[in-house]
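This report concerns only the one structure given below.
Read-outs: derived from the displayed coordinates by stated rules, not from any lab. Just so it is clear, the model here is predicted, and its values are computed rather than measured. When we count neighbours, we look across all protein chains shown, and the Cβ atoms used for this are built from the backbone with ideal geometry, even at glycine.
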Amino acid sequence: MEHWIYTLNLGGHAISINLDTIFTMWFAMAVVIIFGILATRNLSLVPGKLQAVSESIMKFFYGTLDTMVENDNRKHVPLVASLFLFIVTANLMGQLPLRIIHLKNGGELASPTNDINLTAAMAIIVLIYYVFMGIRAKGPKFFLHELSFTGIVMALVELLEMFTRPLSLAIRLFANIFAGEILVSIALGGLAYFLPLPIMLFEILVAFIQATVFMMLTIAYIGSATGEEH
Amino acid sequence: MVDTATISQMAHLGAGIAIGFGAVGAGLGIGFATKGLMDAVSRQPEVAGKAFGFFLLGAALSEACALYAFVIAFLLLDK
C-alpha cells in the first residue's frame, strides 16, 4: 500500500511520481499489447484456439455496445475494449506475489489500480471522450436541449454530472482494489496462509466485476451523450 | 483549545461511524438486489444466468457506496 514516491524537481515545482504504479502499469500494458499481437498474428478463416478466444471477447464488446449505444456504435470499440482489457490485467496483477520484490523507501509492487492517480486519469479520458462524441453528434444541443426553464435546469444538472461521473468512476475502481488489498493484509494478520486464500479468490471475481462496471458505465455515458434523447 | 490527542481520538471515532453508516446503506442495497434476483429466478428460472449478471453489476454499484465511506474513513485515520 505504500508507494515508492520519486520527487521530480521541475523549475522550482516539486512533482511527486509514484514509480511503482508506473512500472506495474507498463507491465500490464505490455501484457495487453503482447496478447493483442499474438492474437492477431496468424488470422485465418477457421480460427485456432487463441483466435477463437479473442473473437469471443470482441463479440462481448460488440454485443454490449449494440444494446446500449444507438447509432454508429462500432467506432467506440477501441476505447472500450482497451479500457476493459487493461483494467482486468491491472486488477488481476494485484494477486500476483509481487510483494516479494523489495523496493527502497518501503514501497511495494501491487496492482496499479490501487493508485487513485491512474484511475482518475482513465476517468478523465472517458469524460473527454464522451463530451467530444456528444458535441460531434449533437453540436451545441449537447449542452442545452431547449431554451426553457426545464432545459436550463437540465443543462445545469448535466454540467454537475460532468464533475461527479469521473469522480465516482475513479473512486469506485480505486476503492474496490484498495479495500481488497487491506482486507487481504488484515486476514494475513489473523490467520496466515489460510484466511487470505478465499479473500484472494473473491478479489479475482471483484477484478472482473469492476472492469465490467467501468466498461458498462463508459458505454452508458457514451450512449446517453450521443443518443437522441436522455 | 482542543489538544491534538483529542482530535486524533475523535477522528478515529468518526472513521468508525463513517464506515458503519456507509455499510448500512450498501448492505440494504445488496439485500434489495438479492431479493429482486430471487423474485426473478423463482418466477422465471430460465433467466437465472442473465439475471445473475445484472445482479452482480447492481451489487457492485451499491457496494461502491460503502467504499466511498471507506475512503473517507481511511482519510480520517491519518488525522
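Quick check on region A:5-226: take the gyration tensor over C-alpha atoms, sort the square-rooted eigenvalues as a ≥ b ≥ c, and tell me if it's rounded (a/c under 1.5), prolate or oblate.
Since a/c reaches 1.5 but b/c is at least a/b, the shape of region A:5-226 is classed as oblate.
Got a sec to turn the phi values of region A:212-227 into Karplus ³J(HN,Hα) couplings, 6.51 cos²θ - 1.76 cosθ + 1.60 with θ = phi - 60°, whole Hz, x for Gly and Pro?
With coefficients 6.51, -1.76 and 1.60, one gets 5, 5, 4, 5, 4, 5, 4, 5, 5, 5, 5, x, 6, 7, 9, x Hz.
Under 28 Å between alpha carbons: how many lysine pairs meet that in the protein assembly as shown, if sequence neighbours fewer than 8 apart on the same chain are excluded?
Going through the protein assembly as shown pair by pair, I get 10.
Longest span of chain A, sites excluded, free of GluC sites (Glu not before Pro) in DSSP loop with at most 16 other C-beta atoms within 10 Å?
Segment A:147-227 is the longest.
Distance between Cα centroids, region A:56-117 to region A:174-230: provide it in whole Å.
Answer, in whole Å: 11.
Through the Karplus equation 6.51 cos²θ - 1.76 cosθ + 1.60, θ set to phi - 60°, convert the phi angles of region A:59-73 into ³J(HN,Hα) values in whole Hz; use x for Gly and Pro.
Using θ = phi - 60°, the values come out as 5, 4, 5, 4, x, 5, 5, 5, 7, 10, 10, 7, 10, 6, 8 Hz.
Within a 10 angstrom radius of each residue's Cβ in A:176-182, how many Cβ atoms of other chains show up on average? Whole number is fine.
Per residue, the average neighbour count from other chains is 3.
What number, in percent, do you get for the relative contact order of region A:1-129 if the mean sequence gap of Cα pairs under 8 Å and at least 6 apart is divided by its residue count?
With pairs under 8 Å counted, the relative contact order is 33 percent.
Taking 8 Å as the Cα distance limit and 6 or more residues as the minimum spacing, I'd like the relative contact order of chain B as a percentage.
52
Using the 2.2 N^0.38 Å rule of thumb for compact globular proteins, work out how chain B stacks up: its C-alpha Rg over that value, please.
Chain B yields a ratio of 1.59.
Pairs of alpha-carbon atoms within less than 8 angstrom and 6+ residues apart define the contacts here; what relative contact order does chain A have, in percent?
26
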